[in-house]
1. Lys and Arg at +1, Asp and Glu at -1: add these up for the other residues within a Cβ distance under 14 Å of Ser154 and post the number.
2. Please compute the volume of the convex hull spanned by the alpha-carbon atoms of the stretch 93-149 and report it per residue in Å³.
3. Computed on alpha carbon atoms, what radius of gyration and Dmax characterise the stretch 77-126, expressed in Å?
4. Around Leu100, with a cut-off of 12 angstrom between Cβ atoms, what is the net charge of the other residues, counting Lys and Arg +1 and Asp and Glu -1?
5. Would any residue of the stretch 39-79 have its amide N under 12 Å from a label point 7 Å out along Cα→Cβ of Thr90? List them or say none.
6. What FRET efficiency comes out for the pair Leu158/Ser69, r = Cβ-Cβ distance, R0 = 22 Å, nearest 0.05?
7. Less than 14 Å Cβ to Cβ from Val71, Lys/Arg counted +1 and Asp/Glu -1: what total charge do the surrounding residues give?
8. Could you work out the Kirkwood radius for the stretch 30-108, taking every pair of different alpha carbons, averaging 1/r and inverting it, reported in Å?
Amino acid sequence: MKKAFALVAVAGVAAAASAQSVDIAVSETTIGPGESTVVTLSAGYGAGDYAVAGIETNFISSVGSDGWSDVALIAPMDGPGTSAGAPSGTGVDGILAGQLNFPPAGIYADDSNPIAFWTATYTAPADVPDAFTVDLSTETSRFDVYVDRGSSASESRLSSLREGAGAINVVPAPASLALLGLGGLAAARRRR
């Protein structure tokens, strides 16, 4: 009986430890040449906390900043001193999102869990000869939460954070593939 209780307790601690996360959502995971998809970053926190206070992260894309546009923070995580980040060779660096919780002034943080905080649009190149994948991830250096609604005190939850991951698949247009296939058949017939 003690062994079973210990296993349940360890499982409960592991679940609580992984409650903090940065998640990547891709509206359309497969797109064609010249098509676009929207990517959204969200933050989730553990049941014992009140709301997300602040996040500092880098958005990593295997194509760097090529093809990315409409980079923006999402309200209410666009509070004072925030930044949607800057394009870099690895994606978008220096995303700083946060919201206020200041009960004396009647300002309370949005306690949505998870809470969306950043968005961007990826547009594939117009001429794509071969299928490829855009790998996505996050690299977070700050993840703070408000511990309760009645206080502006915040605490770091970075040590138990699960980073985001995702992918966008870019495939050539089916008509292009069909033409390549017909061209291959025609070439094969000529050789005979």
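What follows is calculated from the coordinates using simple rules that are stated; it is not laboratory data. These figures come from a predicted structure and were not determined experimentally. Glycine gets a Cβ as well: all are built from the backbone with ideal geometry, and neighbour counts include every protein chain shown.
1. Details: positive: Arg142, Arg149, Arg157; negative: Asp49, Glu56, Asp111, Asp144, Asp148, Glu155.
Residues close to Ser154 contribute a combined charge of -3.
2. Values: hull volume 7.6 nm³, N = 57.
Dividing the Cα hull volume of the stretch 93-149 by its residue count gives 133 Å³.
3. When restricted to the Cα atoms of the stretch 77-126, Rg and Dmax are 14.8, 53 Å.
4. Details: positive: none; negative: Asp78, Asp110.
Here the charged neighbours net out to -2.
5. 57-62, 64
6. Details: r = 30 Å, r/R0 = 1.34.
The pair Leu158/Ser69 has a calculated efficiency of 0.15.
7. Values: positive: none; negative: Asp66, Asp70, Asp78, Asp93.
Here the charged neighbours net out to -4.
8. 14.4
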